[in-house]
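The values are calculated or read from the model by the stated rules, or taken from the named source; none is laboratory data. Treat the numbers as computed from the prediction; the structure is a model and nothing was measured. Don't worry about glycine lacking a Cβ; one is built from the backbone with ideal geometry, like all the others, and counts go over all protein chains shown.
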């Protein structure tokens with residue numbers, strides 16, 4: 001698996017969580033859950049596909065993009 005494919009998976013994982021986060025109050029329990037729940041899955045994917053710490057910044061970028069786009073989708077609906 002390439003880093004681009006892993007970034008796409010991370011992006012897609014974060015879309016529904018960004019959607020959930022879109023209408024919640026900032027820093028509420030539900031907001032924190034939506035932001036932090038995907039992190040262990042991303043960590044496990046990175047370890048399973050044997051990517052080192054050098055892949056972490058790209059995965060964080062993909063996760064943030066998924067969160068932002070999911071939240072934007074919720075606001076436009």
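Residues in the range 38-66 that are more than 22 Å from residue 76 (Cα to Cα) and under 9 Å from the mean Cα position of the chain (by Cα): 38, 39, 42, 59, 60, 61. Looking only at the range 1-31, residues that are more than 17 Å from residue 69 (Cα to Cα) and in a helix (DSSP H, G or I) come to 6 in all. A search for C-beta distances below 9 Å between a residue of the range 1-27 that is at positive phi and crowded, with 19+ Cβ neighbours inside 10 Å and any residue that is outside any helix (DSSP H, G or I) and modelled with pLDDT of 95 or more, counting only pairs 6+ apart in sequence or on different chains, returns nothing. Identify the residue in the range 45-72 that is in contact (Cβ under 8 Å) with a residue 12 or more places away in the chain and not in a helix (DSSP H, G or I) and, among all such residues, is surrounded by the fewest Cβ atoms within 10 Å (Cβ to Cβ). By that ranking, first place goes to 49.
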